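*Asks:* Take this structure first; my questions come after.
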Amino acid sequence: GTFSQHVNAIFFIAIFTLLAAFGLSREAAASLVGMEGVVFCVLLFSSPLAAMRSVIQTKSAKSIPLPFTLVSILNCTLWSVVGVIEMNDIMVYAPNLLGLLASVAQLALITIYGTSKSSPAKYKEGGSVFLP
């Protein structure tokens, strides 16, 4: 989307959240804003998968950021464990388990296709590697 579309979306979300926080009972506001957080958490962790079709067509995972993927795996693993063991809160562990699955899928795409458009490394006799 365009910059103005992003600004409008952020404005709408902020107004919605403030109205919920101040216009509803404490419990209802907490539940609604919590669900809003869950939705954005899942969108954040799965957003690099939007490039999946392009990755498969180009046979390059260059559009998937490896550092973000690795940090997402770590973050989602830790929050899933805390959510299940310590908090026993589905609002914590469910989005993080979904984020973990999305991050593992991203890592699989990176592993399968690599991050460059060049063809994969080839092996010569004797085990040495050369790049085309």
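*Asks:* If we keep just the residues of the range 3-21 that are exposed (fewer than 12 other Cβ atoms within 10 Å of the Cβ) and of a type in the set (Gly, Ala, Ser), which is farthest from Gly34 (Cα to Cα)?
*Replies:* Ser4
*Asks:* Pick out, from the range 1-114, the helices (runs of 4 or more DSSP H) lying fully within it that include 2 or more residues that are among the acidic types (Asp, Glu).
*Replies:* Hits in the range 1-114: 26-46.
*Asks:* Okay, moving on. Only one of Val92, Val81, Val38 is farther than 21 Å from Thr115 by Cα and in contact (Cβ under 8 Å) with a residue 24 or more places away in the chain; which? Outline the logic, then answer.
*Replies:* Numbers: Val92 fails: in contact (Cβ under 8 Å) with a residue 24 or more places away in the chain; Val81 fails: in contact (Cβ under 8 Å) with a residue 24 or more places away in the chain.
When all the criteria are applied, what remains is Val38.
Every residue, every condition in (1) under 19 Å from the mean Cα position of the chain (by Cα); (2) over 20 Å from Gly37 (Cα atoms); (3) of a type in the set (A, V, I, L, M); (4) modelled with pLDDT of 95 or more, yes or no:
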residue: Asn75; (1), (2), (3), (4): yes, no, no, yes
residue: Trp79; (1), (2), (3), (4): yes, no, no, yes
residue: Ile85; (1), (2), (3), (4): no, yes, yes, yes
residue: Gln106; (1), (2), (3), (4): yes, yes, no, no
residue: Tyr113; (1), (2), (3), (4): yes, yes, no, no
residue: Ser119; (1), (2), (3), (4): no, yes, no, no
residue: Tyr123; (1), (2), (3), (4): no, yes, no, no
residue: Ser128; (1), (2), (3), (4): no, yes, no, no
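*Asks:* Take the range 83-93 and flag every residue that is touching a helix residue (DSSP H, G or I) at 6+ places or on another chain (Cβ under 7 Å) and open to solvent by 30 Å² or more (accessible area, probe 1.4 Å).
*Replies:* Of all residues in the range 83-93, those touching a helix residue (DSSP H, G or I) at 6+ places or on another chain (Cβ under 7 Å) come to 83-84, 89, 91-93.
Val84, Asp89, Met91, Tyr93, listed by residue number.
The values are calculated or read from the model by the stated rules, or taken from the named source; none is laboratory data. Note that this is a predicted model, so its numbers are computed, not measured. Reconstructed Cβ throughout: ideal geometry from the backbone, glycine too, with neighbour counts over all protein chains shown. These accessible areas exclude ligands, DNA and RNA; they are computed on the full protein's heavy atoms, side chains included. Shrake-Rupley method; radii C 1.70, N 1.55, O 1.52, S 1.80 Å.
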